[in-house]
Amino acid sequence: QVQLVESGGGLVQAGGSLRLSCAASGRAFSFSSMGWFRQDTGKEREFVAAINWNGDYILYGDSVKGRVTISRGNAKNTVELHMNSLKLEDTAVYFCAADGRIGPSPAGEYRYWGQGTQVTVSS
C-alpha cells in the first residue's frame, strides 16, 4: 500500500523560508509525477508545484512562482519544496501528491495523497 508522508511544516515569520519534504513508501517504481498542493481553511485547494520523475519538467502555481522550488529528493519517490519570501497568505495545510500514470499537472487528479503538513506564516 502506497503511503505519502509530509514533514517540515511549522511556524515561520513572514519573509522567512521553509523546506517541506515528502517520502513515499510501498511502491517499487518511480512515480511519473509528484507535486504539492495547499488548502487553507474555507478555501479551495490550490496547486503549488509539480515535478516529473527525473526533474526535467516542472510546473509552478502562479501565486508561488519565483518564491518556491520543487525538486526530487536523493531517495526514490521523495520530493522537496523549498519556500522563500513567505507571505501571510502562504498559510495553509500543504499536501504531497503522487501518481504513476500522469505527468506534472496543476489539476488534482493524482492518485496518492499525504495527510498534509501545516505551514503557518506569522507577521
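In segment 60-110, one over the average inverse separation of all distinct C-alpha pairs is 12.6 Å, which is the Kirkwood hydrodynamic radius. Put F29, F37 in order of accessible area, highest first, and with a 1.4 Å probe you get F29, F37. Straight-line cross-link reach from K65 at under 16 Å between alpha-carbon atoms covers these aspartates and glutamates, not counting any fewer than eight positions away in the same chain: E46, E80, E89, D90. Bridgeable aspartates and glutamates around K87 (alpha carbons under 15 Å apart, same-chain partners fewer than 8 residues away excluded): D40, D62. Taken over segment 1-107, the convex hull of the Cα atoms encloses 100 Å³ per residue. Taking all protein chains into account, the per residue accessible area for the chain stands at 52 Å² (1.4 Å probe). With a 1.4 Å probe and all protein chains left in place, how much of the accessible area of segment 1-71 comes from carbon and sulfur atoms, in whole percent? Carbon with sulfur: 48 percent of the solvent-accessible area.
The values are calculated or read from the model by the stated rules, or taken from the named source; none is laboratory data. Just so you know, these numbers come straight off a predicted model, no measurement behind them. Note: areas computed on protein heavy atoms with side chains; ligands, DNA, RNA excluded. Shrake-Rupley method; radii C 1.70, N 1.55, O 1.52, S 1.80 Å.
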